[in-house]
Each structure stands twice: as C-alpha cells, then as structure tokens.
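Please treat every number below as a calculation from the coordinates, not as lab data. Keep in mind it's a predicted model, so treat the numbers as computed, not measured. For neighbour counting, all protein chains shown are included, and Cβ atoms are generated from backbone atoms with ideal geometry for every residue, glycine included.
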Amino acid sequence: PLLNRPSRPSSAPPPPLPKHPPRNDMARATPLHLDWVDVNPHNIEHLRRLNTVLFPVRYSESFYKEVMKAPRDTAKLVYHNGAPIATVCCRVESPPDSSHRQLYIMTLGVLAPYRGAGVGG
C-alpha cells in the first residue's frame, strides 16, 4: 500500500535534502520506512531539488507542468524520515498506430546513499 504523508502549507520552505547515512547502514536487514507521495503543488519544490541533484540536465518549466497534470500515481516522491530521497515521474502515452496505452518513465532517481537499499527496485 502507498503511504501518504500530510501536505505542508505551500508557504513553508521544503525540508533540506537528508544528511546521508554511512553506506554500510543501508545494508541492514530491516527495510527502510518509506512514504510514497503523489507530486502536488505543496511538494513540487522537492521534485525540483531532487532533479537538480540527481540528473545532469535542467528540466524546463513545461516538464513540471506536465508532471502536475499527470494522472494520479504517475509522479511520486519518496520520503525517508520526512526528507525526500527519490522520485519517479511517468507519462501515459497512446501511440497513434496502437489501441494500447504505454507508460513512459521520464525520470527515476534515488539519492546515492539510498541506492541498493530497495528504494528504487
């Protein structure tokens, strides 16, 4: 099941990206507690900050507008202890020569210290 964390007022600044735990802390047997949250107007700045850290390209304002218009569950932020650590953004495509819809993954990123800890897999 997807766990949603409460929305924060839009005037509040986004929390800082987490201080990274030592790499060997990720190898523990106990899984991390993660909250998967739909991207929304209250947390879009978290997405912008993660994208800046995770990817070598700068995404345009049209990318973020597309994310905000996307169907529910196609754009997510992942939080650990209240801090954003990962993101996935997708779009639904309907190719003109097909009766099927396709899910296209636009971005998928996890902060380096959390990779290998089951966050993105």
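For segment 30-121, what's the radius of gyration and Dmax over Cα atoms, in angstrom?
My reading of the Cα-based Rg and Dmax gives 13.9, 47 Å.
Count charges around residue 67 for me, please; just the other residues with Cβ under 11 Å from its Cβ, Lys/Arg as +1, Asp/Glu as -1.
+2
By per-residue mean of other Cβ atoms within 10 Å, what is the highest-first order of 50-63, 92-105?
My ranking of the peptides, most packed first, is 50-63, 92-105.
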